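Notes for the one structure printed next.
The values are calculated or read from the model by the stated rules, or taken from the named source; none is laboratory data. Model, not experiment: these values are computed from the prediction. No Cβ is skipped: glycine too gets one built from the backbone with ideal geometry, and neighbour counts run over all protein chains shown. In case anyone asks, the SASA skips ligands and DNA or RNA and just uses the protein heavy atoms, side chains included. Shrake-Rupley method; radii C 1.70, N 1.55, O 1.52, S 1.80 Å.
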Amino acid sequence: MNLFAIVASCLIQGADPLIVRLVDVEGGGGTLVITPARESILIDCGNPGARDAGRIAKAIKEEGLTRLDHLVITHWHLDHYGGAEPLAAQVPIGQFWDRGIPASLDEDKGNFPTLIGAYKRASKGASRTLKPGDTIPLKQAGGAAPLSMTCVCASGDVIKAREGLGPNGKAGETRPMPDDPTDNAKSLGFVISLGKWRYMNLGDLTWNMESRLVFPVNRLGEVDVYHSTHHGLPISNNPAVIRSVRPTVAVFNNGARKGGSPEVLATLRRIDANKGIFQVHRNETANSAENTEPDKIANQNAECQAYGIRLEVKADGVSYSVKLTGAGKTWDYQTRVDKEP
Ligand SMILES: [Zn+2]
């Protein structure tokens, strides 16, 4: 090794890892991302009330942070934005991002006016709207691989395909479902990359919109880690997307009786690149063979212990590990360098 290589390797070893942490919000959204520059981004903030905000604040503290730099809300369902005000009361929050605030929400006329009022108070009316193709401005850490967080879908629109992309041969056949009139179909979705390592999180995006991300061209490319869409419910997780993004690892932020569906696990198990599936909860409505292996489930029992899933990606993006926050075991993976970008 020459001197330059030694210095470069020391710099990489010295840089902090990228952390992606699925906080157990029992079938809601709550994903904490901490960059190698130690900036923090929370994608969704769980349900209204003290429980989820408390769990998220605890996770932030456990990671050695005292504030959130960015809160991103994927869509206006209460399991994703309901925790904004109680969380803001516990942790200072920098920039709020969302898909734009609608005047009303047909599917939740009861809660929306109250909860959106709470969100506006928490964000001081200064949230910023994301469109497909936008990126969250993040600091690059010295010695770490290039980092980006790109919005790939928003408000029913999808990111432009890369120029020169041919038809997607990997998606296979998929029948459309009836169009989804709810806010799920308008969900924000993201790809985060660190060097060659790539992770996707499409919020609660549903079937026909997912399809538009991979037909006729694959606008997503391939990923290392697939954050199962919509908690792993079968009205999302269109197999055409899963076949196109070809993940090595899949993580589910499911509840004991919400998501983590056998159909979705079966699709993932058929992917040649698949090496590990992790669930926040055992799906109580499915048998043990339909769930992932017991040691990859954070909360085994109906009595919830609020354990989550924690990914740690080396600052150079070439390898990563997964562990459950309540257990000692760690699974190590190599970032696939042969992925389609
Ligand atoms: Zn949801």
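Using the structure shown, decide if Glu312 is within 25 Å of Pro146 (Cβ to Cβ), open to solvent by 20 Å² or more (accessible area, probe 1.4 Å) and outside any loop (DSSP other than H, G, I, E, B).
It is true that Glu312 is within 25 Å of Pro146 (Cβ to Cβ), open to solvent by 20 Å² or more (accessible area, probe 1.4 Å) and outside any loop (DSSP other than H, G, I, E, B).
For the stretch 53-63, the candidate set comprises residues that are farther than 11 Å from Leu32 by Cα and small (Gly, Ala, Ser); within that set, the residue that is surrounded by the fewest Cβ atoms within 10 Å (Cβ to Cβ) is Gly54. Residue count for the stretch 14-36, restricted to those that are under 14 Å from Gly317 (Cα atoms) and part of a loop (DSSP other than H, G, I, E, B): 5.
If you take the residues in the stretch 91-108 that are touching a Lys or Arg at 6+ places or on another chain (Cβ under 8 Å) and assigned to a loop (DSSP other than H, G, I, E, B), which one is nearest to the ligand (Cβ to nearest atom)? So, considering only residues that are touching a Lys or Arg at 6+ places or on another chain (Cβ under 8 Å) and assigned to a loop (DSSP other than H, G, I, E, B), the one nearest to the ligand (Cβ to nearest atom) is Arg99. Looking across the stretch 25-52 at every residue that is hydrophobic (A, V, I, L, M, F, W, C) and either open to solvent by 10 Å² or more (accessible area, probe 1.4 Å) or within 16 Å of the ligand (Cβ to nearest atom) (or both), the one that is farthest from Glu303 (Cα to Cα) is identified as Ala37.
Please go through the stretch 226-237 and give me each residue that is open to solvent by 10 Å² or more (accessible area, probe 1.4 Å) and more than 12 Å from the chain's Cα centre (by Cα), ordered by number. The answer is Leu233, Pro234, Ile235.
For the stretch 209-225, the criterion of being crowded, with 20+ Cβ neighbours inside 10 Å and aromatic (Phe, Trp, Tyr) is met by none of the residues.
Only one of the numbered conditions (1) modelled with pLDDT under 95; (2) crowded, with 21+ Cβ neighbours inside 10 Å is not met by Ile297, and that is (1). For the residues Asp108, Asp98, the requirement of being under 26 Å from Asp157 (Cβ atoms), at pLDDT 95 or above and open to solvent by less than 10 Å² (accessible area, probe 1.4 Å) singles out Asp98.
If only residues of the stretch 120-149 that are open to solvent by 80 Å² or more (accessible area, probe 1.4 Å) and in a loop (DSSP other than H, G, I, E, B) are counted, the one that is farthest from Ala315 (Cα to Cα) is Lys124. Of all the residues in the stretch 64-90, those that are open to solvent by 20 Å² or more (accessible area, probe 1.4 Å), more than 16 Å from the ligand (Cβ to nearest atom) and not hydroxyl-bearing (Ser, Thr, Tyr) number 9. Candidates are the residues of the stretch 315-328 that are modelled with pLDDT of 95 or more and in a loop (DSSP other than H, G, I, E, B); the one that is surrounded by the fewest Cβ atoms within 10 Å (Cβ to Cβ) is Val318. Looking at the stretch 58-78, which of the residues that are free of Cβ contacts under 8 Å to residues at least 60 places away in the same chain and touching a Pro at 6+ places or on another chain (Cβ under 9 Å) is nearest to Ile136 (Cα to Cα)? In this case the residue turns out to be Leu68.
Suppose we filter Ala84, Ala103, Ala15 for residues that are within 28 Å of Gln305 (Cα to Cα) and of a type in the set (Gly, Ala, Ser); which single one remains? After ruling out the rest, the residue left standing is Ala84. When Thr114, Thr206, Thr182 are checked against the criterion of being among the polar types (S, T, N, Q) and surrounded by 21 or more Cβ atoms within 10 Å (Cβ to Cβ), a single residue qualifies: Thr206. Filter the stretch 267-292 down to the residues that are in contact (Cβ under 8 Å) with a residue 12 or more places away in the chain and outside any loop (DSSP other than H, G, I, E, B), then identify the one that is surrounded by the most Cβ atoms within 10 Å (Cβ to Cβ). Once the filter is applied, the top-ranked residue is Val280.
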